[in-house]
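The values are calculated or read from the model by the stated rules, or taken from the named source; none is laboratory data. Just so it is clear, the structure is predicted and the values come from calculations on it, not from any experiment. Quick reminder, even Gly has a Cβ in these numbers, built from the backbone with ideal geometry, and neighbours come from all protein chains shown.
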Amino acid sequence: MIDLRDLSKTFGPVPALAPTTLAVAAGEVFVLLGPSGSGKSTLLRLVAGLETPTAGRIFLNGQDVTGRPPHERNVALVPQRPALAALTVEENLAQGLRFSQSRLARRGRLPDAEIIERVREAAEILELTPLLKRPAGDLSGGEQQRVALGRAVVRRAPIWLLDEPFGSLDTALAEKLSRALLLLRRRFGLTMIFVTHNPNEAMSLADRVGVLGGGHFLQAGTPAEVHDRPGHRAVAFHFGRPTINLIAGSVRDGTFSTASGSLTLPTALPTGDASLGIRPDDLSLEPGTGRLALGVFTLRDKRRRGAGWLATVEAGGDSLRVLTAAEPPAVGGPTPVWADREKMHWFAADTGRRLD
């Protein structure tokens, strides 16, 4: 449904999006993660027709739309902050249809009865019916965002582009609208590219996740693939709270040497500088099957976290965070640390790319 071929965008001397090839299947939800300035919004605006690509082609539903204006692409763009008109909710929902340039509208404006029915359906799905006569300016942030989603619903566009639509909402409201979005996806068979900074949103919504950095795709895959086997150091940082631990060192003759000691490698790695990534919940203060001893550290801090504990340990300048169910020993004392050998991630020091 969405096919980008060597698509790139440069603003003056600054490359916003490196040549990118991406295929999003019909009915798929593809979530884009990445820091500010990584190219996420630029990619959406290129697909929507709001920016002109420097190079490359854009195909939607098999049609080359690279040179077509936005109103001929039959896509719905939902921004982070809804740009609603100073009208009622009902009028805002109908506005896009009344000025639509779709193929149907060229043969004649949509009948009023059809517009009314579409508005009624969208309001019912998104629980906006009691608000239809309210001015848009009197709505809360969550209500305005539901109106923005409703405007996309009435358009009946098969492709939705969502640019952090829940980024300014509280967690509970964002989760509620995420559930509504999945219902809309199933009901209308939508294809979506969804931009977010929130990895939890990505894991719950996505069929596939793509991580951008500096205008380049660092990795794309299922949420499980990207989380469990990050292909780049920057990708690993996007998943998990607290964030992944990184230990800098060097590999030589099957040994990983760091400021805090040395470790016999559980897997073959090329000689050179590298970093070990290990998530706090994949570390333990107790030995066990499948665990590899990292060394003896000093416990610097411990605090409650949910039903367990978050401990901070240090040795030789290396600092690690450990999530553990049992209360750690006294602060200041020696603390052995073990790692799950199956969940150790190795990255090249210079490129950040995964080594194993």
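If I ask for residues that are of a type in the set (S, T, N, Q) and closer than 22 Å to Val75 by Cα, which ones from segment 133-147 would you list? Answer for segment 133-147, where residues must be of a type in the set (S, T, N, Q) and closer than 22 Å to Val75 by Cα: Gln144, Gln145. Here Thr222, Thr243 are screened, and the one residue that is in contact with a helix residue (DSSP H, G or I) (Cβ under 8 Å, 6 or more places away or on another chain), surrounded by fewer than 22 Cβ atoms within 10 Å (Cβ to Cβ) and hydroxyl-bearing (Ser, Thr, Tyr) is Thr243.
The set of residues in segment 179-207 that are in contact with a strand residue (DSSP E or B) (Cβ under 6 Å, 6 or more places away or on another chain) and charged (D, E, K, R) contains only Asp207.
Can you tell me which residues in segment 113-147 are among the acidic types (Asp, Glu) and not in a helix (DSSP H, G or I)? Residue satisfying the conditions is Glu127 alone. At least 1 residues being closer than 25 Å to Ala76 by Cβ and touching a Gly at 6+ places or on another chain (Cβ under 8 Å) is the threshold, and among the strands (runs of 3 or more DSSP E) wholly inside segment 148-247 those reaching it are 191-195, 208-213, 216-221.
Listed conditions (1) under 17 Å from Leu44 (Cβ atoms); (2) outside any loop (DSSP other than H, G, I, E, B); (3) charged (D, E, K, R) are all met by Arg81, apart from (2). Exactly one residue out of Ser38, Ser8 is over 23 Å from Leu181 (Cβ atoms), of a type outside the set (Phe, Trp, Tyr) and in contact with a strand residue (DSSP E or B) (Cβ under 8 Å, 6 or more places away or on another chain): that is Ser8.
This table checks each residue for (1) outside any strand (DSSP E or B); (2) under 22 Å from Leu263 (Cβ atoms).
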{"position": "Gly295", "(1), (2)": "no, yes"}
{"position": "Leu299", "(1), (2)": "no, yes"}
{"position": "Arg304", "(1), (2)": "no, no"}
{"position": "Trp309", "(1), (2)": "no, no"}
{"position": "Leu323", "(1), (2)": "no, yes"}
{"position": "Ala326", "(1), (2)": "yes, no"}
{"position": "Pro329", "(1), (2)": "yes, no"}
{"position": "Gly332", "(1), (2)": "yes, no"}
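A count restricted to segment 262-290 and to residues that are within 31 Å of the chain's Cα centre (by Cα), in a strand (DSSP E or B) and within 15 Å of His345 (Cα to Cα) stands at 7.
Number of residues in segment 52-109 that are of a type in the set (S, T, N, Q), at pLDDT 80 or above and under 16 Å from Ala122 (Cβ atoms) equals 3. Checking segment 55-67 against the condition returns no match, with no residue being out of contact with any helix residue (DSSP H, G or I) (no Cβ under 7 Å at 6 or more places or on another chain), assigned to a helix (DSSP H, G or I) and of a type outside the set (A, V, I, L, M).
Residues that are modelled with pLDDT under 95 and among the charged types (D, E, K, R) are absent from segment 5-25 altogether.
Residues in segment 297-308 that are in contact (Cβ under 8 Å) with a residue 24 or more places away in the chain and not β-branched (Val, Ile, Thr): Phe297, Leu299, Arg300, Asp301, Lys302. Against the test of being touching a residue at least 12 places away in the same chain (Cβ under 8 Å) and over 16 Å from Arg279 (Cβ atoms), the options Ala348, Ala339, Ala311 yield a single qualifying residue, Ala348.
Across segment 40-50, not a single residue is classified as assigned by TED's automatic domain parsing to the domain that holds Asp6, without any contact (Cβ under 8 Å) to a residue 40 or more places away in the chain and touching a Gly at 6+ places or on another chain (Cβ under 7 Å). Exactly one residue out of Leu299, Leu310, Leu320 is over 31 Å from the mean Cα position of the chain (by Cα), modelled with pLDDT of 95 or more and of a type in the set (A, V, I, L, M, F, W, C), and it is Leu299. Might you check whether a residue that is within 23 Å of Ala236 (Cα to Cα), of a type in the set (A, V, I, L, M), out of contact with any helix residue (DSSP H, G or I) (no Cβ under 7 Å at 6 or more places or on another chain) and assigned by TED's automatic domain parsing to the domain that holds Thr271 occurs anywhere in segment 297-309? No, that holds for no residue. Residue count for segment 335-349 under the criterion of being more than 14 Å from Leu246 (Cα to Cα) and surrounded by fewer than 20 Cβ atoms within 10 Å (Cβ to Cβ): the result is 5.
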